[in-house]
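A quick write-up on the structure given underneath.
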Amino acid sequence: MDEARAMIMSAMLAVAPAGVAVAEDVATIVHEYDAYARAQDPLRAALHGDAEAMRRWPDNSPAAVATRRQALERFRDRLAAIPAGRLAGEDALNHVLLTARVATALEALGFDEERIAFISGDGFYTTADYAALNTVLGSEADAEAWLARIEALPAYYAIETANLSRGIATGFTQPRMTAERAIADVRAQAAQPAADSLLLAPFATLPAALPEARRVSLRAAGLAAVEQQVKPAQRALLTFLEREYLPAARKSIGIAGVPGGREYYAHVLRRHTTTTMTPEEVHALGVAEVARIRREMDLVRAEVGFKGTHAEFLAYLRKEPRFYVDAATYGEKASEIAKRADQALPRFFGRLPRLTYGVGPIPKGLESSANGYLPGSPELGVAGLVVYKPWMAEKMPLFGQAAWVLHEGVPGHHLQIALAQELTGLPEFRRNDDITAYVEGWGLYSEKLGEDMGIYRDPYERFGRLSLEIWRACRLVVDTGMHVMGWTREQAVACLRENSALASSEIEFEVDRYIAWPGQALAYKVGELKILELRRRAEKSLGERFDLRRFHDLLLGAGPMPLAVLEQRVDAWIGGGGR
């Protein structure tokens, strides 16, 4: 890590007379990379108003991946040819960030991740539903493009199914429990009446100026495409998963059980945390964090006057009726918390996004997803959405709700993502980057920031925040435990049940998510701890000159970035007196 920081510092701070000419080269590469990224990710490009992209799905065929590798290698070589010491300011930062992004992407290609095309609750078969939620048809041409995209779904399914078949042939598969979850989800999709498909939702956004007869005919064409093309593709996928994939699903829950699994886990750990930590170091950090948070939980338990043990207090919280409500009431209470958070924001942030957000149930058909926030699109006029699962809401304790809303809404994911979307002076790759340690680290930091904001109204809500924090600390223990240390699913469930106040159904849902998506869950705590460290450093160094609003604006003002780069950015800000 020290070597990486030194490299970044020299790249960001060095200045040389020939910098202008080199900066033009960096700008050219960045511009070309943004165009490349748009072509590779038509889903994101469509969100930014790219009409042509609305006709396409991502292409993960072997031929497309080979072309992708060649393009990335060219970007890598062109970036490496630029003397980093001759760059300064944004040009240096763009060079560092794009170099890291390209290197990570190339490393990922070496593991042929396309062989695993789904996780627990999400996969290529839910991609179209998410796209439909953020598609606005502003014209007849848009509608025709969306129709073309619906009709292209069978080919998209065929490519991803072939990738799964390659996973079977090479022993790189999901475990049986994850395959069974996918089968249940695809079975529900295939059984859903075509008229109820989310793929038809965009037709409701057609402009009123379009003749009604044409609006009706376009929707009818969409319905026909779903009935005649999408439904058969869903049924074919279901048959494949049941007859071919499930029998070949791996027996071990840990990714170490597949060929090259330990090396792959080391890669995803680096990718998601943006650190060089080993699984053993992450595991030890988790154990220490669990112990620390337990001590804080004990203090709150004493504050409310509960005389029993930690385990007895958790049992009480899981059964006490006053902490549980029906799904509709849960949604109403979440909305009220969101408005209180909105009211507090100006005291903690100098810059706020224009894009609004709402709170609501997750759309039908996506109930198995682990998503808690669906980003909006300023270009298309789509608000962000904090989502909850109605089937799970009745089991979710109210004392943990405030921390959850802060994480998913503001000052968490909505604030960070919406602000990044509006940084139009930055390259697209920086605005759109999804660096897990930064994004989820900020989300978890936002839960703790709720203490400063005055969102938690009683000791139970503060305990709820600690329960969610220890849940993320347990992730460090159980993710490394299951994937490389031979832990069983039962051990992972026990860790969460013994330490957090999460409902049993949520604990099992979460553990199955970690099994299916190795490494992703490690980023939350690692990122949050770095942000807290940087805040303490700035407070100590700047003293009375420290301005929390400016600090937060600094963290969110340049888009997502690896933690080492974020650290250098904060250190430079401190060196400049916090201005």
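The values are calculated or read from the model by the stated rules, or taken from the named source; none is laboratory data. Worth saying up front: this structure is predicted, and the values here are computed from it rather than measured. Note that each Cβ is placed from the backbone with ideal geometry, even for glycine, and that neighbours are counted across all protein chains shown.
Tell me, which residue of the range 349-364 that is surrounded by 19 or more Cβ atoms within 10 Å (Cβ to Cβ) and in contact (Cβ under 8 Å) with a residue 40 or more places away in the chain is nearest to residue 419 (Cα to Cα)? Outline the logic, then answer.
First pass over the range 349-364, keeping only residues surrounded by 19 or more Cβ atoms within 10 Å (Cβ to Cβ): 349, 353, 355, 357, 359, 362.
Going one step further and asking which of them are in contact (Cβ under 8 Å) with a residue 40 or more places away in the chain, we end up with 349, 353, 355, 357, 359.
Working: 349: 11, 353: 5, 355: 8, 357: 12, 359: 19 Å.
Among residues in the range 349-364 that are surrounded by 19 or more Cβ atoms within 10 Å (Cβ to Cβ) and in contact (Cβ under 8 Å) with a residue 40 or more places away in the chain, the one nearest to residue 419 (Cα to Cα) is 353.
In the range 250-276, the residue that is surrounded by the most Cβ atoms within 10 Å (Cβ to Cβ) out of those that are touching a Pro at 6+ places or on another chain (Cβ under 6 Å) and under 28 Å from residue 158 (Cβ atoms) is 255. Screening 452, 434 for residues that are of a type in the set (D, E, K, R) and either surrounded by 19 or more Cβ atoms within 10 Å (Cβ to Cβ) or in a helix (DSSP H, G or I) (or both) leaves exactly one candidate, 452.
Look at the range 144-158 and say how many of its residues are small (Gly, Ala, Ser) and either crowded, with 18+ Cβ neighbours inside 10 Å or on the phi > 0 side of the Ramachandran plot (or both).
Just the residues of the range 144-158 that are small (Gly, Ala, Ser), to begin with: 145, 148, 152, 155, 158.
Still in the list and also either crowded, with 18+ Cβ neighbours inside 10 Å or on the phi > 0 side of the Ramachandran plot (or both): 145.
Matching residues across the range 144-158 total 1.
Here the range 161-196 is the region considered, the condition is being in contact (Cβ under 8 Å) with a residue 60 or more places away in the chain and not in a helix (DSSP H, G or I), and the residue that is surrounded by the fewest Cβ atoms within 10 Å (Cβ to Cβ) is 171. The set of residues in the range 512-533 that are of a type in the set (A, V, I, L, M, F, W, C), under 20 Å from residue 293 (Cα atoms) and surrounded by 22 or more Cβ atoms within 10 Å (Cβ to Cβ) comprises 521, 522, 523, 526, 531.
Just checking, does the range 233-245 include any residue being surrounded by 17 or more Cβ atoms within 10 Å (Cβ to Cβ), within 28 Å of residue 138 (Cβ to Cβ) and at pLDDT 95 or above? Within the range 233-245, one or more residues are surrounded by 17 or more Cβ atoms within 10 Å (Cβ to Cβ), within 28 Å of residue 138 (Cβ to Cβ) and at pLDDT 95 or above.
Residues that are in a loop (DSSP other than H, G, I, E, B) and not assigned by TED's automatic domain parsing to the domain that holds residue 216: does the range 151-159 have at least one? Looking through the range 151-159, none of the residues is in a loop (DSSP other than H, G, I, E, B) and not assigned by TED's automatic domain parsing to the domain that holds residue 216.
Out of everything in the range 320-372 that is of a type in the set (S, T, N, Q) and in a loop (DSSP other than H, G, I, E, B), what residue ends up being nearest to residue 546 (Cα to Cα)? Walk me through it before giving the result.
Within the range 320-372, the subset of a type in the set (S, T, N, Q) is 329, 335, 343, 356, 368-369, 371.
Then drop every residue that is not in a loop (DSSP other than H, G, I, E, B), which leaves 356, 368-369, 371.
Values: 356: 29, 368: 43, 369: 40, 371: 35 Å.
If we take residues in the range 320-372 being of a type in the set (S, T, N, Q) and in a loop (DSSP other than H, G, I, E, B), then 356 is nearest to residue 546 (Cα to Cα).
Name the residue, out of 410, 439, 493, 405, that is in the same structural domain as residue 382 (by TED's automatic domain parsing), in a helix (DSSP H, G or I) and buried (at least 24 other Cβ atoms within 10 Å of the Cβ). The match here is 405. Residue count for the range 117-155 satisfying the condition of being in contact with a strand residue (DSSP E or B) (Cβ under 9 Å, 6 or more places away or on another chain) and either within 29 Å of residue 246 (Cα to Cα) or of a type in the set (A, V, I, L, M, F, W, C) (or both): 7. Within the range 65-89, being of a type outside the set (S, T, N, Q), assigned to a helix (DSSP H, G or I) and more than 24 Å from residue 431 (Cβ to Cβ) holds for 65, 66, 69, 73, 77, 80, 85, 86.
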